[in-house]
Amino acid sequence: MSRPDTIDVLSRSRFDLLVVGGGIIGSAVAAHAARLGLSVALVDAGDFGGGTSSASSKLVHGGLRYLRLGDVRLVREAHHERRALTKIVAPRLVHRIPFLLPLYEDGPYRPAVVQSAILFYSALARSRLNWLVQPARARELVPSLRRERLRACALYADAWTNDARLCLANVRAASEAGAYVLNRAEVVELRKAGGRVVGAELRVDGELVSVEARTVVNAAGPWVDRIRGLENPAAGTSVLLTKGVHALVPAAGPWRAALTIPQDQVRVSFAVPFYGMLLLGTTDTPHEREPSQVAVEPADVEQVVSEAAVAVDPSLVAGERVRATFAGLRVLPAEARESVSVRRETVISWGSAGMLSVAGGKLTTYRRIALGTLERLRPELGIHVVDRRPWPLPGVGDAASSPLPGELNPALRDHLLHLYGTLTTQVLEPARDDPTLLEPLHPEGPDIAAQALYAATHEWALRAEDVVRRRTTIFYRGLAGDDVTRRVEELIGRAAVAAAR
Ligand SMILES: Cc1cc2nc3c(=O)[nH]c(=O)nc-3n(C[C@H](O)[C@H](O)[C@H](O)COP(=O)(O)OP(=O)(O)OC[C@H]3O[C@@H](n4cnc5c(N)ncnc54)[C@H](O)[C@@H]3O)c2cc1C
């Protein structure tokens, strides 16, 4: 449905549920609710996934750190979700990868302690990958691993994902199940009747649009307290925010494992192979300003690269090799004191006028958080049972059943199947009439023009940054620049002209 038509429906209908915030949590709440047969609207002030859900470490993991904090339940749940995501929900977007945890002579952990922790972690993960490997074997997996004073490496398995695309797949699932979804639609006020929240006023393309709904869920992530404040100006603060910064450098050589790098007794940092780059991070510093003011400072990048250099050849992670950086905000319960030792629990609260707010938690457990949110809303929404069984997101299926043009080179084919799965045929459809759409958006990357057009026609992309940062892999490869922006803007314009015809 076109944007004007969606706006029209939003302003004329009364929904069962309005979800504020199209990050991974809001979009999954919307998708699950729509599949239950409810009428649902999902809105986001910026782009879908434009908040925390594209700024994570991109790990779908149990979280070794949480075991150290004694949170066995969280680790067990996360492993359960990781299995559901890799096997059923998003196997094309969530991939298993081995992790090496190097143990240096002057490091914070004793090998025996780590070995027993990894054994326990792997038992919770139902994984058999859990042993200590010698430095020579470790270098085969990670060629740039530092070997001076290295005693051994613990080996275990977790998974990585493309967080923005995972979020988008949930938005798409919501839309396919009948939800009306709109990005760049900011909730500026909540509508009330009889002391209850019954909808919201949105600012959309400079105009105000009213949406009516029986129930409103606030899934605004770091902005959760701002929306709670619209419900009740005295609502106060329910969460604390801390900033996490990542940096990307080109990976030299094939990395067949990621690195978990111990920094102290609790904190670890990561170096994860990601689209031919290494994703390094992250930091953890208090953020007391407006969420939208989160920014990468030079000191953050310095910290990220120097922490990576504990275990990675320092010349590989030197500051001048950094090609891209990004920052996101963790949402922690307000009573938290010290961020690193705080459990990444979800903060769920009912407001005085009946709005349910949900924030925090992990990307890994997004499904569980969304289902838990709907469980709480059962009486309001008149739902008897919330079906918790995992189901495949759009694009999941046997790619062989939708054959691709034979002339696609294998690398491009794999790239498209990873991002779109069975929807790849739709992405390539317009290229039948216009072969220039098969040309790369940047000569050094695999993303092609057809993807930008598809982002605008089928994936709600409105601006070049939506395509460059969240629909393709251009940003992560450090290939964003004026030429790419111009070409993407051209393609978005072309989609708009076609839609207006
Ligand atoms: C540095 C960092 C690393 C992380 N790494 C991992 C990891 O490796 N693995 C893992 O499992 N988890 C990780 N997490 C946690 C994970 O990223 C978050 O739990 C998850 O993305 C939160 O999603 P969300 O939908 O709650 O919030 P968000 O993605 O922030 O979505 C909230 C949305 O609300 C919208 N919004 C705000 N105000 C309004 C308004 N007025 N009207 C309409 N919309 C509005 C915003 O635009 C935004 O898109 C990490 C988090 C951080 C910060």
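The values are calculated or read from the model by the stated rules, or taken from the named source; none is laboratory data. Here the structure is a predicted model, which is why all the values come from computation and not from measurement. Cβ: placed from backbone, ideal geometry, glycine included. Neighbour counts: every protein chain shown.
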Scanning segment 47-77 for residues that are β-branched (Val, Ile, Thr) and either touching a residue at least 60 places away in the same chain (Cβ under 8 Å) or touching a Gly at 6+ places or on another chain (Cβ under 8 Å) (or both) gives Thr52, Val60, Val75
Of the residues in segment 214-268, those that are over 24 Å from Tyr156 (Cβ atoms) and among the basic types (Lys, Arg) come to Arg214, Arg226, Arg228, Lys243
Answer yes if at least one residue in segment 158-168 is more than 13 Å from the ligand (Cβ to nearest atom) and either acidic (Asp, Glu) or over 30 Å from Val40 (Cα atoms) (or both), and no otherwise. no
Output for Cβ contacts, cut-off 6 Å, separation at least six or different chains, first residue within 13 Å of Ala235 (Cα to Cα) and assigned to a loop (DSSP other than H, G, I, E, B) in segment 337-359, second aromatic (Phe, Trp, Tyr) and modelled with pLDDT of 55 or more, reads none
Across segment 291-306, the tally of residues that are in a loop (DSSP other than H, G, I, E, B) and more than 11 Å from the ligand (Cβ to nearest atom) stands at 3
Arg267 passes all but one of the listed conditions (1) within 12 Å of the ligand (Cβ to nearest atom); (2) closer than 23 Å to Thr346 by Cα; (3) surrounded by 17 or more Cβ atoms within 10 Å (Cβ to Cβ); the exception is number (1)
Is it the case that Thr436 is more than 20 Å from the chain's Cα centre (by Cα), closer than 25 Å to Ala327 by Cα and surrounded by fewer than 19 Cβ atoms within 10 Å (Cβ to Cβ)? no
Restricted to segment 403-433 and to residues being within 20 Å of Leu491 (Cβ to Cβ) and hydroxyl-bearing (Ser, Thr, Tyr), the residue surrounded by the fewest Cβ atoms within 10 Å (Cβ to Cβ) is Thr425
